[in-house]
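Note sheet for the following structure.
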Amino acid sequence: MKKPLILALLLLAAGILSAQTISTRTGHIWFFSSTPLENIEAHNNQAAANLNTQTGDMAFIVLMNGFQFEKAEMQKHFQEKYAESEKYPKSTFSGKISNIGSVNFRKNGTYPVQVSGTMDLHGVKKPVSANGSIIVLDGKIRATSKFQLATADYNISIPAAVRDNIAKTLDVNVDVTYSPLNP
Amino acid sequence: MKRICVLLLCCLLGSRLSAQDDLLAMLDSLQETDQKREFTHSTFKTVRVVNAHSIEIPAPGVLQMAISHRFGRLNGGFYEFFGLDQANMRMGFEYGLNNHLCLGVGRSNVRKTYDGFVKLKLMRQSSGKVRMPFTIVALSGMGVNTLRWADPDRPNYFTSRLSYWHQLMIARKFNSRLSLQFMPTMVHRNLVATRREDNDVFALGAGGRYRLTGSMTLNAEYFFLLPTGSHTANNYQNSLSVGVDLETGGHVFQLMLTNSLGMTENLFVAETDGDWLQGDIHFGFNLMRVFTVSEQAHARAQKAEGW
């Protein structure tokens with residue numbers, strides 16, 4: 001009952017806001033922690049993201065429980081001790097591509113872009129900026145980026161016992177392929 | 001209903017609000033319509049509260065090794081080095097087959113007991129699309145006492161070596177700090193020492209944990225022997241244990257004080273004879289170590305949960 005209503009409203013909202021908003025619910029976000037002792041990586045394939053191709057405004061929502069580690073134990077520790085996903089179930093980013101004008105969404109190509117905005121992670125809001133690319137290929141629009149994230153910036157403390165196993169700075173990768181909201 | 005109103009307002013005032021926040025709000029509602037069942041994780045740090053099983057089972061594909069020690073009584077004084085001169089130990093392995101089932105075996109020097117058990121998760125606490133207030137786990141175990149027969153000249157039966165235990169664990173993680181577990185328990189001994197002893201022992205157990213920091217929890221458990229007035233309740237003590245869990249990368253160290261010496265249910269539920277008030281307290285620890293045997297099993301289980 002509620003679902004179609006919300007969806008209809010969403011479509012309506014999208015229509016009013018802009019016909020140029022594209023989105024996805026299956027964005028891929030992953031991170032690496034590498035230390036001489038141990039490499040850890042986790043993937044989330046259910047990031048929600050959207051982008052207004054006209055203004056360059058963009059947003060991401062990532063559920064912390066959606067990060068998949070190769071070892072169950074790592075995942076448990078991530079959820080309980082580091083991300084505290086019960087307290088902070090999602091992380092968000094909202095920002096803007098400053099040079100959106102240089103991207104031609106109708107022409108195949110890889111366009112370097114600069115993004116800046118606010119990241120909300122583990123209950124801490126921080127301004128961030130990163131370089132990325134918009135890749136246009138046969139009408140498909142893909143956005144990729146790679147940036148570094150210091151866990152201490154987001155009040156994520158790593159106990160002494162595992163300080164040699166977990167890197168202070170994580171390499172975060174983003175790779176999302178948008179589909180038009182209303183085709 | 002509220003959300004719809006907010007959305008409506010968003011639509012109407014769309015042009016006046018910041019475009020970025022609108023994008024975020026849109027995403028938010030996109031995800032709400034796609035909400036999944038979220039299972040509660042980390043109700044306890046590991047598979048034991050102290051002596052008793054917790055509702056946790058090893059993750060699918062994970063082998064959990066437990067090395068447990070219970071020393072002698074603290075009131076042994078300096079001569080016994082407060083119990084450290086006597087060490088009783090159990091070595092155990094348990095393996096998580098999937099999100100619901102775990103099998104375990106162990107060997108303890110207390111009565112040279114081999115034990116085996118099955119732990120089955122019947123219901124999992126969850127929020128989101130499906131809400132369940134509790135996790136319920138059933139445990140069935142069996143112990144084989146392998147001491148030499150006290151009197152080899154009389155007829156002795158293998159079945160006399162066996163005891164069984166059955167337990168239902170009902171637990172709830174109230175928040176990231178507090179988890180409580182209720183555990184009605186039954187122990188059956190095929191052979192008891194004297195005619196007056198009960199073959200069947202019943203107990204109501206309760207336990208819990210309080211998380212002090214990310215890596216440290218305070219745990220306690222208590223087994224109340226039933227029915228009052230039975231031989232067991234009159235002649236044995238209720239088992240009371242308190243401990244802390246310390247977690248490092250792949251280990252959990254559980255340090256405890258308990259009035260029970262045995263590390264299997266037939267012993268610590270039915271045959272605890274230490275009295276806390278007399279100082280019959282055993283120091284002990286469980287060293288829990290996980291080995292990831294199959295990463296695929298973990299990946300498969302995650303997929304089954306919709307991730």
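The numbers here are math on the coordinates, done by the rules we state, and not lab data. Treat the numbers as computed from the prediction; the structure is a model and nothing was measured. Because the Cβ atoms are built from the backbone with ideal geometry, glycine has one as well, and the counts that use them run over all protein chains shown.
For the reader, a short list of remarks on this structure follows.
- Principal axis dimensions, region A:107-157 - Cα atoms, whole angstrom, descending: 44, 16, 15
- Neighbours of A:K71, meaning other residues whose beta-carbon lies under 15 angstrom from its beta-carbon, give a summed charge of -3 when Lys and Arg score +1 and Asp and Glu score -1.
- Compared with the dominant Cα axis of chain B, that is its longest principal axis, helix B:295-304 is turned about 60°.
- For the protein assembly as shown, a Kirkwood hydrodynamic radius built from all Cα pairs, placed in the Stokes-Einstein relation at 37 °C and 0.692 mPa s, yields a translational diffusion coefficient of 128 µm²/s.
- The value obtained for region A:36-132, namely the Cα convex hull volume divided by the number of residues, is 137 Å³ per residue.
- Environment charge at A:A59 (Cβ cut-off 13 Å; Lys +1, Arg +1, Asp -1, Glu -1): -2
- Diffusion coefficient, µm² s⁻¹, Stokes-Einstein with Kirkwood Rh over alpha-carbon pairs of region B:152-307 at 20 °C and 1.002 mPa s: 119
- Remark: mean inter-chain Cβ contacts per residue of B:57-63 equal 2, using a 10 Å Cβ-Cβ cutoff to other protein chain atoms.
- Once C-alpha pairs closer than 8 Å and six or more residues apart are averaged by separation and normalised to the residue number of region B:146-293, the relative contact order reads 16 percent.
- Loop-located trypsin sites (Lys or Arg not before Pro) in region B:94-150 (DSSP state other than H, G, I, E, B) with a sparse environment of at most 12 neighbouring Cβ atoms within 10 Å: B:K129, B:R131, B:R148.
- Over all orientations, region B:31-155 has a Cα convex hull whose mean projected area works out to 12.0 square nanometres.
- The calculated 222 nm mean residue ellipticity attributable to helices in the protein assembly as shown amounts to -4000 deg cm²/dmol, summing -39500 (n - 2.57) over DSSP H runs of n ≥ 4 and dividing by all residues.
- Loop-resident sites, region A:32-116, for trypsin sites (Lys or Arg not before Pro), counting at most 14 other Cβ within 10 Å (DSSP): A:K87, A:R106, A:K107
- Debye intensity ratio in log₁₀ form over the Cα atoms of region B:66-122, taken at each q of 0.26, 0.29 Å⁻¹: -0.95, -1.04
- Per residue, the convex hull around the alpha carbon atoms of region B:185-270 comes to 98 Å³.
- Packing-based exposure ordering (other Cβ within 10 Å, fewest first) of B:R196, A:R163: B:R196, A:R163
- Quotient of C-alpha Rg and 2.2 N^0.38 Å, computed over region A:121-183: 1.54
- Compared with the dominant Cα axis of chain A, that is its longest principal axis, helix A:2-17 is turned about 70°.
- Computed over the alpha carbons of chain B, Rg followed by Dmax gives 23.9, 96 Å.
- Loop-resident sites, region B:95-179, for chymotrypsin sites (Phe, Trp or Tyr not before Pro), counting at most 12 other Cβ within 10 Å (DSSP): B:W149, B:Y157, B:F174
- Relative to the current alpha-carbon distance between B:T194 and B:L147, full extension at 0.36 nm per residue lengthens the span by 15.2 nm.
- Spin-label zone in region B:172-191 - amide nitrogen under 20 Å from a point set 7 Å from the Cα of B:L226 along the C-beta vector: B:172, B:180-189
- Residue with peak Gaussian network fluctuation, chain B [Cα springs, cutoff 10 Å], from B:G141, B:G214, B:G83: B:G214
- Relative contact order of chain B, defined on C-alpha pairs under 8 angstrom at six or more residues apart (%): 18
- Neighbour net charge for B:G76 - beta-carbon separation under 10 angstrom, K R +1, D E -1: -2
- Cα-based helix-to-principal-axis angle, B:2-12 vs chain B, degrees rounded to 10: 30
- Cα centroid separation - region B:190-208 against region B:87-128, whole Å: 20
- Structure remark: mean-square fluctuation, Gaussian network model of chain A, C-alpha springs under 10 Å; the largest value among A:D138, A:D120, A:D57 belongs to A:D138.
- Evaluated at q = 0.11, 0.14, 0.17 Å⁻¹, a Debye calculation over the C-alpha positions of chain A (equal weights, vacuum) places log10 I(q)/I(0) at -0.53, -0.82, -1.11.
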